[in-house]
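Here's the structure, in structure tokens; my notes come after.
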Amino acid sequence: MTSEPEKDPAAGPAVHALRELLELLRSGAAVEQFTRPAAQARTAGAGPAEQALVEEATRVALDVRRTLDQHRRREAELTALFDTAGDLAALRDLDAVLRAIVHRARMLLGTDVTYLTLNDPVAGDTFMRVTDGSVSAAFQQLRLGMGEGLGGLVAQTARPYASADYRADDRFRHTPAIDHGVREEGLRGILGVPLRVGTRVIGVLYAADRAVRDFAPDAVALLSSLADHAAVAIDSARLLEETRAALVELGAATETARAQSEAMRLAAETHDRLTRLVLRGGEVGDVAREVAALLGGALAVHDADGAELARVPADPQSPSAREPAGPPPPRGLAASRADGQAVCVDGLWVCAVLAGPEPLGSLTLAGRADLTDSERRLFERAGLVTALLLLLRRSIAHAEDRVRGELLGDLLAPEQPGSARDTGSRLLRARKLGVDLTRPHALVVMDCDPGLRSRLATETARRAHTRNGLAGVHQGRVVLLAPTGTPGVLARALAAELGQAVGGPVTAGCAGPAAGPAELPGAYAEAVRCLEALHALGHTGCGAGLGDLGFLGLLLGDGADVGAYVDRVLGPVLEYDAQRGTELVRTLEAYFAQGTSLTRTKDALHVHVNTVVQRLDRIGRILGADWNGPAGALEIQLALRVLRVTGTRPVAPDARGSTVLR
């Protein structure tokens, strides 16, 4: 209540009324109180003139108060707009700015509820974004189709609309969902203004009362101003988000460019290192060491047949040191061949080494479960360099094999009548290939199934390199010339090794050792006869020389060494007699001469039958349990005949422990 002004006894009722009106204006009293001074003046006996003066002063005071109210309201509106502009200038959280705008609209317009919807261009409707004063969950989740309800019409036409009582207003297209939400919220009077960015409407800002209300133009203008600020906030936030996204993309692009630059640098450095290595004449093992060092793992290189060409263990200080690289997993190798790229299978990286569609081998990397894209490309580049080296090595090997084959053909060709064999040039050509023909050499002739012959020639050439010999195909047969003094041992070893390598039986006939190029044509002919004899005897898949064929070797050999044959068959018995002065050889002669009869043998030797039995037991321990079988008996009898015919007699053992026959 406004305090009563002090009464001046000398002043009349009109003066007192005017003073009270001024006090009411000063204190900002309610409108209802401005009628009191005029009533008091009438009660105090003011005349008609004074009464008219007081009433006119009352009207003026009310106009002044309305003007002051308008200024205060305008000041509050401007303050709210300035505060909103400040929020926009310090935009950090779009939702917080929109909530502040909606709340200020509610306070300034004095409505029960304010809310803001945004258009969804994908769904073709507008949805509730922010509310203030709302209590209905259904209302807060409303979506309005374009043209539906008051808000849908505002969003569609970009014009403000107001309804004093929306429920009864038939200017708008009502829908069950919208009407249900409005009724649940209890709204009657609703004002909606568009949110515009340029000419584009992005949403609607609303002010609503739960009572019937007419919205004055000032309310529409104020809400439109706040809507403009909200639109600016939304558009600024969008631009800020796009800027942030662009910065993120730019950062990602920069990082990608940096990674690609680093990958290109590493690739260029790797390319230079591997190129220099190849130009220096490096081998597959050198490439493996370089790549293993670059990738920090254990590396193994295998050829197309699975044979290991190089192996590089991991750095002992690295975690992969206990993970050696082995042969590639079959499914990993198949996948790499199909894709032409490195693949990871069971923790091993596998890269097929290819020359076009032809498989040349593989690289296997252990100890690196993950490889970056640049490291994987480096691994694949190593596969290309390895393929180049393998092709180069194969070309060199083919050229060298051709030269070796040509030399072998010249050495085995029989001398033509009237032409002199150029032994010196052949020795020189062989020496350039690392073959010393002045040493004793064995000659091995081999054959196998026709479908495996090419593989046999390749595998034989490999073994010729390791034995410092020559290999090639001569007269349709695979031939190996290698330095050794034991041809039979070499033939048996080659038959076993090559049979396993080519996947089928390999038969090997040998001859020698030959002392010099002049003896090689004859050795070749003898090795061929031995090979044919092995097949005739059913020994396919075996290796032997004529000396290993017993008496057949004597029949097939040219200038066979009968002394060596006797030494092989009877040597241990002759040596035993020579060292101990026994008569085991004489006992054998009598035993077979008497038809293996013990009785007649003891009569022929003039000894007791027990002595004959003891001597035969001794012979069995020396020659083996099957000495008296059909084959053994035949060999012994033939050796005894040769010994008698040639007149050779055992003498003391030589330095090697072998009996020398004369």
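With a Förster radius of 45 Å applied to the C-beta separation of L427 and R621, the computed FRET efficiency comes to 0.40. Taking other C-beta atoms within 10 Å as the exposure proxy, L363, L18 rank L18, L363 from fewest upward.
As a calculated quantity, the FRET efficiency between A304 and A633 at R0 = 56 Å, using C-beta atoms, amounts to about 0.60. If only the Cβ of Lys and Arg carry +1 and only the Cβ of Asp and Glu carry -1, the dipole of region 159-285 around its Cα centre is close to 240 debye. Computed from label points 7 Å out along Cα-Cβ, the spacing between N610 and L388 is 8.7 nm. Close amide H pairs (under 5 Å, H built 1.01 Å from N) link V353 with L360, G361, S362, L363, residues at least 5 positions away or on another chain. Dipole check for region 281-396: with +1 at the C-beta of Lys and Arg, -1 at the C-beta of Asp and Glu, and the Cα centre as origin, the magnitude is about 60 Debye.
A Förster radius of 41 Å combined with the Cβ-Cβ distance from A49 to A221 puts the calculated FRET efficiency at roughly 0.40. Length gained on full extension, V135 to V122, computed as 0.36 nm times the residue gap minus the Cα-Cα distance: 1.8 nm. Going from the fewest other Cβ atoms within 10 Å to the most, the residues Y524, Y161 appear in the order Y161, Y524.
The phi torsions of region 618-634, fed into the Karplus equation with coefficients 6.51, -1.76 and 1.60 and a -60° offset, translate into couplings of 4, 4, x, 5, 7, 8, x, 5, 9, 5, 9, x, x, 5, x, 4, 5 Hz, rounded to whole numbers, with Gly and Pro shown as x. Basic side chains Lys and Arg get +1 at the Cβ, acidic Asp and Glu get -1 at the Cβ, and with that the dipole of region 91-242 about its Cα centre reaches some 100 debye.
Values quoted throughout were computed directly from the atomic coordinates according to the rules given, and no laboratory measurement underlies them. Nothing here was measured: the structure is a model prediction, and the numbers come from that model. Note that each Cβ is placed from the backbone with ideal geometry, even for glycine, and that neighbours are counted across all protein chains shown.
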